[in-house]
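The values are calculated or read from the model by the stated rules, or taken from the named source; none is laboratory data. Values in this document were obtained by computation on a predicted structure and should not be read as measured data. When we count neighbours, we look across all protein chains shown, and the Cβ atoms used for this are built from the backbone with ideal geometry, even at glycine.
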Amino acid sequence: MFDGHEIFPATAKLNEQKHLVLGGCDSVELVQEYGTPLYVYDEDTLRGMCREFVEAFGRAKGVNSKILYAAKAFINPAIAEIVSEEGLGMDVVSAGEIAVSLASGFPSERIYFHGNNKSQNELEIAIDSNVSKIVIDNFHEMEILNKVALSKGIVQDALLRVSPGVDPHTHVKTTTGVLDSKFGLSIDTGDAALAISKAMELPGINLRGLHCHLGSPIFELEPYSIAVEAIFRLASQFKMKGFVMEEFSPGGGFAIGYTRGQIPPPIASYAEVIIKAVKDCSKEFGMDVPEIVMEPGRSIVGRAGVALYTVGSTKDIPGIRKYVSLDGGMGDNIRPAMYDSVYEASVANRMSDTEEEKVTLAGKFCESGDILVRDVLMPSLKPGDIVAIPASGAYAPSMASVYNLNPRPAIVIVKDGSSRVIRRRETYQDLMLLDVF
Ligand SMILES: Cc1ncc(COP(=O)(O)O)c(C=O)c1O
């Protein structure tokens, strides 16, 4: 019996040979065709998540909403195209992400530009590309943006990123909305209020609203409603001065299930809490209900992606640990090494075999910290077995490196029994492309 449905893509099932099937494609055959490590994205799951967000936030009467896909979770032209077809906007954090979006035909008027240290050059590119909004993170950026906008004879629509001082109880390295964070203008220090006043005075900036992002992955609902209230309270102080919060964004951060033991609330529950808080606060502070702008990344693309690896060497240290090494690791998924992220794993070519021993799945990179899954119960693994790690779609390929000069994996999209390569495997020649001989 295959019981990993909550963490594998929605189309995942087993076939008669007890192989893992994704988007109608036998994962063993995918590996035969494309090799490992291989990232497989299920198109139905990806599109399904886009639709779930649009539906969940579009359901409430009297509230307009907009869903932006946070490109940092993973972008390439094929993903951008799907996100565009689903009607989402794009949250980008670099001119590189702008370039890929535009090259994929993504409409610039649906792009929001984030980041805590945008360069003048990047701001110029964003303005020249006609992006929808620039989300100002700090005073330095505000000055540069004003100058660039004036030099181009435009008034740039912008939001301000506010740090509301709310702890969403996630990993310290992925917490962003607290006082001690490099991101945003803090309410507690008075910077956020000062920034609103200043932005309202600058002729090159049209302040359209406020934004916050608390961290990720957030399994709780309450931090969102606390943050909404903090930001509305702040915005209400500027009502008399003529500030209208036309847009409000509580960011992204919605959790996904990495393990069967920790499944997050459905998107509809996050939506309910956020919409209720926005409506209640609009009433409480006597403001019009702003358009709600959501920025999910992980939750759009995380569950859609499965990483496939081939088992190689094994090292058994009696009474201590059995290491089973895979042909990928921290180069294609840095999350366990960087954030202590926990995953589950299955044997894609023997999905119904009994789990009989505890092993640690290590990568092939020259770091002791290169562990993909620690102490996981698996069937006895042999060289050549294919290990599938579900929920690998977000922040794995997008953070991939060529450490140790291991080429980065191929990436395919599967749908209705067909697969197509959306990023070919890196070659040894590719690894030297930028080098000058
Ligand atoms: C400003 C902003 N919005 C959205 C996101 C997306 O977060 P997630 O992928 O957890 O939904 C991030 C993640 O870092 C972010 O910094």
The residue that is modelled with the lowest pLDDT, considering only those in segment 194-221 that are assigned to a loop (DSSP other than H, G, I, E, B) and within 16 Å of the ligand (Cβ to nearest atom), is SER216
Quick one: how many residues across segment 38-73 are polar (S, T, N, Q), within 16 Å of the ligand (Cβ to nearest atom) and outside any helix (DSSP H, G or I)? 1
Does LYS147 count as part of a helix (DSSP H, G or I), assigned by TED's automatic domain parsing to the domain that holds LEU194 and under 30 Å from GLU222 (Cβ atoms)? no
The residue that is farthest from the ligand (Cβ to nearest atom), considering only those in segment 247-272 that are in contact with a Leu (Cβ under 9 Å, 6 or more places away or on another chain) and over 21 Å from SER341 (Cα atoms), is GLU272
Identify, from the list MET240, MET287, MET294, MET245, the residue that is hydrophobic (A, V, I, L, M, F, W, C) and modelled with pLDDT under 95. MET240
Tell me whether segment 137-154 contains one or more residues that are surrounded by fewer than 21 Cβ atoms within 10 Å (Cβ to Cβ), under 21 Å from GLY89 (Cβ atoms) and either of a type outside the set (A, V, I, L, M) or away from the ligand (no atom under 15 Å from the Cβ) (or both). yes
Report whether or not HIS171 is touching a residue at least 24 places away in the same chain (Cβ under 8 Å), within 12 Å of the ligand (Cβ to nearest atom) and over 19 Å from ILE231 (Cα atoms). yes
In the set GLY251, GLY257, GLY261, the lone residue that is on the phi > 0 side of the Ramachandran plot and either out of contact with any strand residue (DSSP E or B) (no Cβ under 6 Å at 6 or more places or on another chain) or of a type in the set (S, T, N, Q) (or both) is GLY251
For a quick check of your reading: which helices (runs of 4 or more DSSP H) sit entirely within segment 74-141 and have at least 2 residues that are more than 27 Å from ALA391 (Cα to Cα)? 95-103, 120-128
Among the residues of segment 42-60, what is the count of those that are in contact with a Lys or Arg (Cβ under 8 Å, 6 or more places away or on another chain) and either among the acidic types (Asp, Glu) or without any contact (Cβ under 8 Å) to a residue 60 or more places away in the chain (or both)? 3
ASP280: under 30 Å from ILE371 (Cβ atoms) and away from the ligand (no atom under 16 Å from the Cβ), yes or no? no
Select from segment 222-241 the residues that are crowded, with 24+ Cβ neighbours inside 10 Å and β-branched (Val, Ile, Thr) and write down the one among them that is farthest from the ligand (Cβ to nearest atom). VAL228
Can you find a residue that is among the hydrophobic types (A, V, I, L, M, F, W, C), at pLDDT 95 or above and in a strand (DSSP E or B) anywhere in segment 327-346? no
Selected residue [more than 30 Å from ALA400 (Cα to Cα), within 16 Å of the ligand (Cβ to nearest atom) and under 26 Å from the mean Cα position of the chain (by Cα)] from ILE275, ILE334, ILE300, ILE292: ILE292
Just to be sure I understand the filter: pairs with C-beta atoms under 9 Å, separated by 6 or more residues or on different chains, first member in segment 99-110 and in the same structural domain as ILE79 (by TED's automatic domain parsing) and exposed (fewer than 15 other Cβ atoms within 10 Å of the Cβ), second member assigned to a helix (DSSP H, G or I) and among the β-branched types (Val, Ile, Thr). Which pairs pass? ALA99/ILE125
Any idea which of PHE248, PHE183 is out of contact with any helix residue (DSSP H, G or I) (no Cβ under 6 Å at 6 or more places or on another chain), closer than 30 Å to ALA391 by Cα and outside any loop (DSSP other than H, G, I, E, B)? PHE248
Go over the candidates VAL166, VAL178, VAL172 one by one and state the one that is modelled with pLDDT under 95 and surrounded by fewer than 18 Cβ atoms within 10 Å (Cβ to Cβ). VAL172
Going through VAL162, VAL244, VAL178 one at a time, which residue ends up being in the same structural domain as ASN64 (by TED's automatic domain parsing), among the β-branched types (Val, Ile, Thr), under 22 Å from the mean Cα position of the chain (by Cα) and away from the ligand (no atom under 12 Å from the Cβ)? VAL178
GLY87 meets each of (1) surrounded by fewer than 24 Cβ atoms within 10 Å (Cβ to Cβ); (2) within 12 Å of the ligand (Cβ to nearest atom) with one exception, condition (2)
Can you work out which of the residues in segment 181-192 that are surrounded by 12 or more Cβ atoms within 10 Å (Cβ to Cβ), of a type outside the set (Ser, Thr, Tyr) and within 16 Å of the ligand (Cβ to nearest atom) is nearest to the chain's Cα centre (by Cα)? PHE183
Within segment 281-320, how many residues turn out to be without any contact (Cβ under 8 Å) to a residue 12 or more places away in the chain and either part of a helix (DSSP H, G or I) or not assigned by TED's automatic domain parsing to the domain that holds ALA388 (or both)? 1
